[in-house]
Amino acid sequence: MLLEVTGLDAFYGQNQALYGVGFGLDEGHVRTLLGANGAGKTTVLRAICGMVRVAGDIYFDGKRISGWATEDVVRLGVAHVPEGRGTFLRLSVEENLQLGAMTRKRGREIADDIERVYANFPRLKERRAQQAGTLSGGEQQMLAVGRALMLRPRLLLLDEPSFGLAPLIVEELFSILRRINAETGVAMLIVEQNAALALELADHAYLLETGHVVLDAPAAVIAADEAVRRSYLGY
Amino acid sequence: MTSVREEQIAVPAAEPVRRPVSMRLTGRRLIIAVAVALAAAVPLVATSFVTFQVTEVMIYGLAILGLNLLTGFNGQFSLGHSAFYGLGAYTTAILMHNYDVPYYWTLPAAGAVCFAVGFLFGLPALRLQNLYLALATFALANAMPQILKFHALENWTGGVQGLVVDQPDPPSFLPIDGDQWLYYFTLAVILVMFAAAANLIRSRSGRAIMAIRDNPIAAAAMGINLSLYKTLTFGVSALYTGVAGALGALAVAFVAPDSFTIFLSISLLVGLVIGGVGSIPGCLFGGLFVLYVPNIANSLSTGLAGALYGVILLLVIFVMPAGAAGFVRFVLARLARFRQS
Amino acid sequence: MELLLQQVMAGLANGAIYACMALAVVMIYQAIDHLNFAQGEMAMFSTFIAWQLMAWGLPYWVAFAAAAVVSFIAGVLIDRVLFRPVQKAPILSQIVAFIALFSILNSSAGQIWDYTIKSFPTPFGHRSLFGGTLIDTHEAGMIGVTLVMLALLYLFFRGTRLGLAMRAAAANPESARLVGIRVGWMTALGWGMAAAIGAVAGMLIAPVVFLEPNMMLGVLLYGFAGAVLGGLTSPGGAVAGGFAVGIIENLAGTFIPYVGRELKLTIALALIVIVLMFRPSGVFGTRVVSRV
């Protein structure tokens, strides 16, 4: 297993947000974390990246990373596209992408990867010298994903990629994600409120409710089960 | 095309004054009553010098409260309060020295003058944020001594030499001396003004003032008149510090331009932070700190007094980053949780 | 007209001092997103270190380089020991920490080297340039060094990966961590660089204002004013702002009748404040968009 989480508790100050969460992810696979607002989905991603206080075990590629600093987790090959995208608004599109490759050394490969990102997201290429803050929401999201890919990650964490985007853009984004997973074999853990879309992309899903995992099943099974969809996912 | 960047509006952080769960209103009132009783006893049991020092602590506390109203509760950063303190002090000195006004009337006068100047200064300040406001208030603080020394105004201000102020005489029917009377007079003024400030903060206006600090755009969207509240707060803040300055003039019996420099502003700021931004009782602790710690540092080593002061300041900030009030809140919260478990 | 030109040149010469300081101020601001009120005192202390090295017999340029290096290290240490513990504290508490640093440096310098004014040498000499009284070689040297530092900084920040990483770390520390940047080291590097730049500024300024513990008080204020006027996000703007402040101060002192001489500083600041009211982010600063 590439990523393995067992008995994970997470805390914001004195408040506990996750209770004994457990799940796993294999190399090259796509899984999704579903649930309502406040369920703890974002907290799971932040826990993996060392951004909240945790108790329990997180293993990445056999190494125990619980309690590691964010920068060190990233250097293992974990790229996180956070809630709100985390773009460097004052810097240009190209600089944002260059920052994604900050921990890599080979200039030639980095330049090639930038071109690959532009191939996947042509709109970014048009705006390569523009300040990132002037891009539209959809373009910023693509930039955020592009920046994450510049790490050549083994695991891509995406926090609500569809947030605030028009449906057409979201479909475009998700089809690009599918293609990237197929071409590069990068594993993906996607937090989403848009369950339908996420279940199409992922092969396995976990449902969180107030910090607990309440459902753990293949995506196809959940998508097919009308009762579960109605009561938990609202459609 | 102008480049655009996003900025989170940086606010001098003041945590909302949450009353600890374990204290009830009567408990609070009891503590205040005891404190006042103790304060009233001081001149009767302590030496003249100590009485004078406690008077000064109260005066500084009041000056810091003025700064607190503007910076702690309303989020407008000011390095210029030494100017208001000096303005209040000189108002008192000039009225008493040149026009023979009795000392007790000079306080409202000082308050009014400072309110007006503060309000007027608050108008252009509306357009300035944070460190730009800091620079503007810094300019104000720098201007004050220079204006006071200005030769054209010498006939009123006494120029570089300053003015002498007569110590207030105690009323004839009370068997106390000048220092003790000054103490009680100051205590009375402090009680009234601190109570008024506490009432203001608890009122709707107080909530509006704090809302402006926490999220100005949201406050404006809720219908709060930002310009009005911000300039009024500037005025009230200047009034408080100005009255403190007036009392200071009476206490020291002397005013001179170089007593009201930017270093006084910095002292007030340090006192504000040490006492606890956004805490009214904290102001008195801040006053205590600003009065005593430099003296302690000086007595330990005259040459390195400044360095020692700096080190003490750092240690206090490391241990109590939210000031004394924050520390007390922290301890009480821990106790409450301990009692719950 | 002759007088005007003379005053402008004199203002430029003074302005070079302020521009130097403004550069250090913006440098630290770019690195840590805060103003360092103790910047002037750090520069002053560094200059004293250089003076002491020369008093012990080291030649000028060796002392100069050594002071810059020592300042760099000291800057990093100050970041670790003083700034790091209060990083999560409210802004006002951090300001008080800077005030404490100011006090410590000022007092220590006074104790170690006392308050008598000392002269500080210049490698540029004090000969007059262009034959007239407009500007001398040291002042020209100051302007030159400031511009060279500015150019080097610009190349560093825009053209190197490390410079980009530092800008990212200052702009958005959390996102910077998410791309693997060690934000703590970037901050420390920023402090070190600011301290070194401050040292250079101090060593350039000392020959003019003479070396004593309080030499930087006024200069730092003018440096801040210049940086704010030019825009805190723009090193070039800060330098331009510094020069502008020098010129404004001089012209105000000479030409505004009756009040000029005595209230020079106040008028200069007042003018700057007025400019800020129309351009709240400084003349060259980036426009700030506030979101709820």
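Yes/no matrix, rows are residues, columns are (1) away from every other protein chain (no Cβ under 14 Å); (2) free of Cβ contacts under 8 Å to residues at least 40 places away in the same chain:
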| site | (1), (2) |
| --- | --- |
| C:Ile117 | yes, no |
| C:Pro123 | yes, no |
| C:Met142 | yes, no |
| C:Val148 | yes, yes |
| C:Leu153 | yes, no |
| C:Pro173 | no, yes |
| C:Val183 | no, yes |
| C:Ala195 | yes, no |
| C:Gly202 | yes, no |
What is the residue count in the stretch A:47-61 for residues that are crowded, with 23+ Cβ neighbours inside 10 Å and not hydrophobic (A, V, I, L, M, F, W, C)?
0
What is the one condition in (1) free of Cβ contacts under 8 Å to residues at least 24 places away in the same chain; (2) in contact with a strand residue (DSSP E or B) (Cβ under 6 Å, 6 or more places away or on another chain); (3) within 13 Å of chain C (Cβ to nearest Cβ) that A:Ile65 does not satisfy?
(3)
Sort out which residues of the stretch A:21-37 are under 13 Å from A:Asp159 (Cα atoms) and small (Gly, Ala, Ser), and write them in order of number.
A:Gly35
Name the residues in the stretch B:88-106 that are surrounded by fewer than 24 Cβ atoms within 10 Å (Cβ to Cβ) and either among the aliphatic types (A, V, I, L, M) or at pLDDT below 90 (or both), would you?
B:Ile94, B:Leu95, B:Met96, B:His97, B:Asn98, B:Tyr99, B:Asp100, B:Val101, B:Pro102, B:Tyr103, B:Tyr104
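Residues checked against (1) within 25 Å of A:Arg179 (Cα to Cα); (2) touching a residue at least 60 places away in the same chain (Cβ under 8 Å):
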residue	(1), (2)
A:Thr70	no, no
A:Ala79	yes, yes
A:Asp113	yes, no
A:Asn120	yes, yes
A:Gln130	no, no
Can you spot a residue in the stretch C:52-61 that is surrounded by 14 or more Cβ atoms within 10 Å (Cβ to Cβ), over 23 Å from C:Asn214 (Cα atoms) and touching a Phe, Trp or Tyr at 6+ places or on another chain (Cβ under 7 Å)?
no
Has the stretch C:100-108 got any residue that is of a type in the set (A, V, I, L, M) and surrounded by fewer than 18 Cβ atoms within 10 Å (Cβ to Cβ)?
no
In the stretch B:254-270, anything buried (at least 21 other Cβ atoms within 10 Å of the Cβ), more than 10 Å from chain C (Cβ to nearest Cβ) and closer than 19 Å to C:Ser103 by Cβ is listed as B:Leu264, B:Ser265, B:Leu268
For the stretch C:77-87, check the following and say yes or no: at least one residue is more than 22 Å from C:Ala10 (Cβ to Cβ), within 14 Å of chain B (Cβ to nearest Cβ) and part of a loop (DSSP other than H, G, I, E, B).
yes
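Out of all the residues in the stretch A:141-173, which are aromatic (Phe, Trp, Tyr) and closer than 30 Å to A:Lys105 by Cα?
none
Can you work out which of the residues in the stretch A:107-144 that are under 15 Å from A:Leu173 (Cα atoms) and among the charged types (D, E, K, R) is surrounded by the most Cβ atoms within 10 Å (Cβ to Cβ)?
A:Glu139
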Against the condition surrounded by 14 or more Cβ atoms within 10 Å (Cβ to Cβ), within 14 Å of another protein chain (Cβ to nearest Cβ) and either at pLDDT 55 or above or assigned to a loop (DSSP other than H, G, I, E, B) (or both), how does B:Ile9 come out, does it pass?
yes
Selection count where residues are more than 10 Å from chain C (Cβ to nearest Cβ) and either closer than 24 Å to C:Pro280 by Cα or buried (at least 24 other Cβ atoms within 10 Å of the Cβ) (or both), scope the stretch B:142-156:
1
Failed condition for A:Val117, given (1) facing chain C (nearest Cβ under 8 Å); (2) within 25 Å of A:Ile190 (Cβ to Cβ); (3) not acidic (Asp, Glu), with all others met?
(1)
1 or more residues in contact with a Pro (Cβ under 8 Å, 6 or more places away or on another chain) and at pLDDT below 80: qualifying helices (runs of 4 or more DSSP H) within the stretch C:183-292:
C:264-278
Go through A:Ala47, A:Ala39, A:Ala55 for me and flag whichever is out of contact with any helix residue (DSSP H, G or I) (no Cβ under 6 Å at 6 or more places or on another chain), within 21 Å of A:Glu209 (Cα to Cα) and assigned to a helix (DSSP H, G or I).
A:Ala47
State which residue is farthest from the other protein chains (Cβ to nearest Cβ) when the search covers only the stretch B:286-309 and only residues that are within 21 Å of the chain's Cα centre (by Cα) and crowded, with 22+ Cβ neighbours inside 10 Å.
B:Gly287
Of all residues in the stretch B:98-116, count the ones that are over 13 Å from B:Val243 (Cβ atoms) and either among the polar types (S, T, N, Q) or part of a helix (DSSP H, G or I) (or both).
3
Which residues, counting only those in the stretch B:117-141, are outside any helix (DSSP H, G or I) and among the polar types (S, T, N, Q)?
B:Gln129
Taking C:Leu92 and the conditions (1) in a helix (DSSP H, G or I); (2) touching a residue at least 12 places away in the same chain (Cβ under 8 Å), which numbered condition does it fall short on, given that it satisfies the others?
(2)
Restricting to the stretch A:68-96, what's the tally of residues that are assigned to a loop (DSSP other than H, G, I, E, B), within 17 Å of the chain's Cα centre (by Cα) and facing chain C (nearest Cβ under 8 Å)?
3
Please find, within the stretch B:313-324, the residue that is farthest from the other protein chains (Cβ to nearest Cβ) out of those that are surrounded by 19 or more Cβ atoms within 10 Å (Cβ to Cβ) and in a helix (DSSP H, G or I).
B:Ala324
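The values are calculated or read from the model by the stated rules, or taken from the named source; none is laboratory data. These figures come from a predicted structure and were not determined experimentally. Glycine gets a Cβ as well: all are built from the backbone with ideal geometry, and neighbour counts include every protein chain shown.
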